[in-house]
Amino acid sequence: MALKASVKGVFDRASFVLGYGSGVFQQASRPKGMPDLLVVTADVNSFHDSNMRRHPTHYSKLALTFPSTVPRLNRTRPYTHFALDAVLPTGLVCKYGVIGLADLKSSLSTWNSLYLPGRLHKPIALLE
């Protein structure tokens, strides 16, 4: 899968990366869209620290000016950080969100919010 190769090694602090939506799974009646990715990490702080250095264009100027706000928001709203129209080093243009592994487990087992389960009720692909 070309998408899998495009994501491999991009997020060095990711536990795994899931892909979902029409950009990952072609729909017969629609052109292929932009891939949606969910990056799952055991340590949100380390992930954002590393990711901001490696991919600063994936963050707003406010986030880069006050980098401690991103992990803090990610803890209070587990999937707050979304990079829209992110260009990966492989050239892939995608959207991705970041969530801590513990928050993913909690969200999928308690449904404390339907935000994440609503995205993952679709087919998903394990990309890394």
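Evaluate the charge dipole of the chain about its Cα centre and quote only its size in Debye, nearest 20, assuming +1 on the Cβ of each Lys and Arg and -1 on the Cβ of each Asp and Glu. List each step's numbers first, then the result.
Details: 15 positive and 7 negative charges, 34 e Å.
Computed charge dipole of the chain: roughly 160 debye.
For n ≥ 4 DSSP H runs only, could you compute -39500 (n - 2.57) per run for the chain, divide by its residues and tell me the 222 nm figure to the nearest 500? Each step should come with its number before you reach the end.
Numbers: 6 runs with 46 residues, N = 128.
Only helices count here, giving -9500 deg cm²/dmol.
How big is the antiparallel share of DSSP beta bridges in the chain, given as a percent to the nearest 5?
Numbers: 12 of 18 bridges.
The answer is about 65 percent antiparallel.
On full extension of the chain, what length is gained from LEU62 through SER106, given 0.36 nm per residue of separation minus the C-alpha to C-alpha distance?
On the way: separation 44, 0.36 × 44 = 15.84 nm, distance 2.89 nm.
Gain on stretching LEU62 to SER106: 13.0 nm.
Which entries of LYS4/LYS61; LYS32/LYS61; LYS32/LYS105; LYS32/LYS122 show an alpha-carbon separation above 23 angstrom in the structure shown?
Working: LYS4/LYS61 29 Å; LYS32/LYS61 30 Å; LYS32/LYS105 30 Å; LYS32/LYS122 16 Å.
With Cα atoms farther than 23 Å apart: LYS4/LYS61; LYS32/LYS61; LYS32/LYS105.
Stretched out fully, how many nm does the piece from LYS32 to SER15 gain, at 0.36 nm a residue minus the Cα gap?
3.4 nm
Name the shape class, rounded, prolate or oblate, that the alpha-carbon gyration tensor gives for the chain, where a ≥ b ≥ c are the square roots of its eigenvalues, rounded holds for a/c under 1.5, and otherwise prolate holds if a/b is larger than b/c and oblate otherwise. Display every interim value, and only then the final one.
Details: a/c = 1.76, a/b = 1.19, b/c = 1.48.
Oblate is the answer for the chain, as a/c is 1.5 or above yet b/c matches or exceeds a/b.
Using a probe radius of 1.4 Å on heavy atoms only, what accessible surface per residue do you get for the chain? Whole Å² is fine.
Working: 7170 Å² over 128 residues.
Accessible area per residue: 56 Å².
Between ALA5 and LEU73, what FRET efficiency comes out of the Förster formula 1/(1 + (r/R0)^6) with R0 = 30 Å and r the beta carbon distance, rounded to 0.05? Walk me through the intermediate numbers first.
On the way: r = 31 Å, r/R0 = 1.03.
Rounded to the nearest 0.05, the efficiency is 0.45.
The values are calculated or read from the model by the stated rules, or taken from the named source; none is laboratory data. Just so it is clear, the model here is predicted, and its values are computed rather than measured. No Cβ is skipped: glycine too gets one built from the backbone with ideal geometry, and neighbour counts run over all protein chains shown. Remember, those area values only see protein heavy atoms, side chains included, never the ligands or the DNA or RNA. Shrake-Rupley method; radii C 1.70, N 1.55, O 1.52, S 1.80 Å.
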